[in-house]
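Some notes on the structure that comes next.
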Amino acid sequence: MIEIVRKYPVQTVAVIAFYYTVGIVGLSIPKTQSLFQALVPFTLLCSLYFLWLFQENLSMKVYLTGLAIFILGFLVEVAGVNTGVIFGEYEYGRTLGIKLWNTPLMIGVNWLLLIFSCRALTELFIRNRWLRIVAASLLMVIYDIVLEPVAIRLDMWNWFGERVPLQNYLAWFIVSVILFLILELFVKQVRNKIAPALFIIQIAFFLVLNIVFNLT
């Protein structure tokens with residue numbers, strides 16, 4: 001079954017896009033919003049599953065690199081939410097699911113998903129590794145700018161202030177640089193047929209929700 005799915009990356013992307021589109025509709029309707037919020041952890045895990053399913057150069061080194069990115073991403077968020085020093089003063093809500101040390105485990109999944117998919121996207125256009133790291137990190141910051149209003153609205157996390165601090169975006173850039181550097185050092189090519197599309201789908205998902213929430 002897995003091998004059959006791997007033969008149809010375009011169709012898989014179409015299914016993922018449809019799923020995220022349904023999510024936009026469900027999250028936009030007040031009566032169904034809580035149900036679709038509960039599905040957010042499931043969505044992240046499914047997205048990561050399909051990302052990993054289409055990863056072409058899987059090896060122990062790739063698995064360990066992915067695990068390192070998951071752990072480091074999670075631990076940075078643990079330090080961030082418990083000290084307020086890294087990203088600013090904030091707390092996590094219920095939407096991202098089970099927490100450890102006041103931090104949802106899904107946040108590590110999210111870092112892993114984003115780092116691999118964003119790297120795959122920038123890899124298509126930029127060959128120089130240092131330029132690629134900077135470009136991918138800037139793209140991550142743009143992603144976060146689009147994400148923040150929706151995340152707050154859906155109770156993923158909340159800030160202890162009227163606005164998202166500039167410190168948050170600077171920290172996102174620095175953390176992204178570190179994680180992309182780790183990926184560059186241990187994985188020469190991501191080589192994933194759906195990863196670039198997955199990143200674009202996710203950022204489009206939050207962009208559309210921003211528009212919907214602003215209109216309503």
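The numbers here are math on the coordinates, done by the rules we state, and not lab data. What you see is a predicted model; the values in this text were computed from it and never measured. Here Cβ is always computed from backbone atoms with ideal geometry, including for glycine, and neighbour counts include all displayed protein chains.
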(message) What distance in nm lies between label points placed 7 Å from Cα along the C-beta direction at residue 17 and residue 33?
(response) 2.8
(message) Out of the GluC sites (Glu not before Pro) in region 88-182, which ones are loop residues according to DSSP with at most 12 other C-beta atoms within 10 Å?
(response) 162
(request) Run the quick spin-label model on residue 129 and residue 174: label points 7 Å from Cα toward the beta carbon, then report their separation in nm to one decimal. (result) 2.4
(message) At 0.36 nm per residue, and after removing the present C-alpha to C-alpha distance, how many nm does the segment from residue 185 to residue 61 gain when stretched out fully?
(response) 43.6 nm
(message) If you filter region 98-188 for trypsin sites (Lys or Arg not before Pro), then keep DSSP loop positions with at most 14 other Cβ within 10 Å, what is left?
(response) 127, 163, 188
(message) Given R₀ = 25 Å, what would the calculated FRET efficiency be for residue 79 paired with residue 155, taking r from the Cβ atoms and rounding to 0.05?
(response) 0.70
(request) Go ahead and run the numbers for FRET between residue 142 and residue 193, Cβ-Cβ distance against an R0 of 22 Å, rounding to 0.05. (result) 0.40
(request) Only residues of region 120-148 count here: report those whose backbone N is under 17 Å from the spot 7 Å along Cα→Cβ of residue 68, or say none. (result) 130, 133
(request) Just report the Cα centroid separation between region 110-158 and region 194-213, whole Å. (result) 11
(request) Scan region 144-216 for chymotrypsin sites (Phe, Trp or Tyr not before Pro) in coil per DSSP, keeping those whose Cβ has at most 15 other Cβ atoms within 10 Å, and list them by number. (result) 160
